[in-house]
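The values are calculated or read from the model by the stated rules, or taken from the named source; none is laboratory data. On a predicted model such as this, the values are computed, not experimentally measured, just so you know. We place every Cβ from the backbone using ideal geometry, glycine too, and count neighbours over all the protein chains shown.
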Amino acid sequence: MPDALPFDKGERLKTFRHLGRLFAQMWRTSPWLMGLSIALRLVVAIQPPLVLLLTKLIIDEVVHQTSLGVPGPELSDWLESGRLSFLMALLAGEFVLVFARDAFNRAINVVDNILGESHSNAVSLELMEHAAKLDLKHFEQSEYQDRLERARRQASSRSTVISQVFGQAQAMITAIALAAGLFVYAPLLIGLLALALIPAVWGEFRFNRLAYWISHNRSPERRQLEYLRQIGASADSAKEIKLFGLGEFLSGRFRGLSEQILIENRNLSIKRALQTGLLASISTLTYYAAYAYIVWRTLHGEFSIGTLVFLSGSFSQLNGYLQQILIGFTQIAGQSLYLDDLFSFFEIKPTILDPKHPKAFPLPVKQGLVFENVGFRYPGSENWAVRNLSFAVPAGETLALVGENGAGKTTIVKLMTRLYDPDEGRITLDGIDLKEFATADLRTHIGVIFQDFLRYSFTASDNIGVGRIEVAGDRDRIVSAAEQSLADPVIRKLPEGYDQMLGRTFLKGQDLSGGEWQKIAIARAYMRNAEIIILDEPTAALDARAEAEVFTRFKNLAEGTTAVLISHRFSTVRMADRIVVLADGKVEEQGTHGELMANGGRYAELFELQAQGYR
């Protein structure tokens, strides 16, 4: 474990600035709750010194009354003499202060809990909204995934920092009032306190930074642990884990990773307890030295008994408050380091940007899509996914992309939808560069279904409705889309039909087969009613008969619509108007099925290889 940490003074100052951003964020969440929390703490802050002052006056009054002699054995004698009036008023005042403090502290807890929950929800929502704006590359690189994981962990827990800051302000007000009383009677005690607390504060600050260092640098391992938790106890992975006997393997890997982190945290906790405990003992010794000093002066008649109680209580409480304040600042400094994990994620900016004056999507599409010498490399990779790629997708035609794995088929789909921008060349639609369209407008008019589509734990209706979320409540449109994709018969058999919850995540959810889920996913493309439809291996889980039926229907329904089809099944591909064969990120050949078979090239070779499997 390092003693030197990679945080210079500039970095530490930056993390403190995040406190201002957090305060503004929480104020936006609920201004009146923030104001109420501040007001309640101000009231509670002045209570401790007032209670001590009343205690001093009560004791001094009791001593004074005792020195005057006892009026009589009965309470009535005391009341008649009038000597209890002032004492009773003091007792009543102290009772009110103590009772009010308890009530206000409970109110503060309620307000802080509500505010913390509200802020946690608001930050989580803000995190989701910001993540939705980021580029696909941010989710396909481990570095960004680590940052997202750290931000997600902090989103639900950092609201406590503001409570700590408010608590610090409250403690400072109380400490100032207590110090004022001590200064009047024994200013020497203030200096003793300062000298005693410096070592303890330094120790806390150092270990807070060490704790953050471990948490920050273990993000990749923590993501692995979360992944192992997920696949080790997931319905999706249960069959394979049982069949391959992976239970012990996954458990062993989890045990190894978790023990590494546990050992580091355990060693840090032990070291922290020993060192900070030793430093804190200095403060305890100082307190009793000061206490002996007060007693000594009382014995010499310099202080009254009430003053003795007031000074000892003030010194004890001030000692505690100063430790709370100074150590609290180190804790806030540590928490601010974690705030950097949260706010640094919000500082990630998308690179796929809209133009200042976007052009309208052409309705209808007249010419189609054209790739002009397009080259693209994935971030962090030296290899070109596609390069010198040129081909056209004429308007109203169905184009099939064919090629072995890694040929660049899915990369082309990502470029068509501006999930990525080309590094070289350009892609045009009706002669207009895709970069000149607003991304939302472009994606609204392009319907895409990937092979790895999501299986939402929503109702069947919502699972289709997400294809065009702005009209997701249009049941007629949803049913029509399901009929076109052949999902309607599947849904009709469910106990609650289109209102049936799908998946096993929630109560009464019902799962579907892979082929049935794919029909639901294809319905999303029909739901979108887009000018351009892209199907990336959408029927991989369907049997040959179902696939043929789906594509025959698709061919009929997509008449006049520009469509791009990716499939490894050549019986499906041959339905396309034109076929582009890809190899190593380039166009190797293109034409109709008949033309490519006549050429005797790669397409014909792959077609014959697949056809042999059916003979």
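Residues of segment 460-487 being among the hydroxyl-bearing types (Ser, Thr, Tyr) and free of Cβ contacts under 8 Å to residues at least 40 places away in the same chain, which ones? The answer is Ser461, and nothing else.
To keep it simple, each residue is scored yes or no on (1) more than 13 Å from Gly465 (Cβ to Cβ); (2) in a loop (DSSP other than H, G, I, E, B).
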| site | (1), (2) |
| --- | --- |
| Pro495 | yes, yes |
| Lys508 | yes, yes |
| Ala523 | no, no |
| Met527 | no, no |
| Ala530 | yes, yes |
| Leu535 | yes, no |
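In segment 403-425 there is at least one residue that is at pLDDT 90 or above and at positive phi. Within segment 505-525, residues that are without any contact (Cβ under 8 Å) to a residue 40 or more places away in the chain and surrounded by fewer than 21 Cβ atoms within 10 Å (Cβ to Cβ) have Cβ atoms under 6 Å from residues that are assigned to a loop (DSSP other than H, G, I, E, B) and polar (S, T, N, Q) in these pairs: Gln510/Gln500, counting only partners at least 6 apart in sequence or on another chain. The residues listed here are Arg28, Arg21, Arg17, Arg12; of these, the one that is basic (Lys, Arg) and either farther than 30 Å from Ile325 by Cα or modelled with pLDDT of 80 or more (or both) is Arg28.
For residues in segment 584-615 being of a type in the set (A, V, I, L, M) and modelled with pLDDT of 85 or more, which is surrounded by the fewest Cβ atoms within 10 Å (Cβ to Cβ)? My answer is Ala598.
Put simply, of Lys435, Lys493, Lys508 the only residue that is assigned by TED's automatic domain parsing to the domain that holds Met416 and not aliphatic (A, V, I, L, M) is Lys435.
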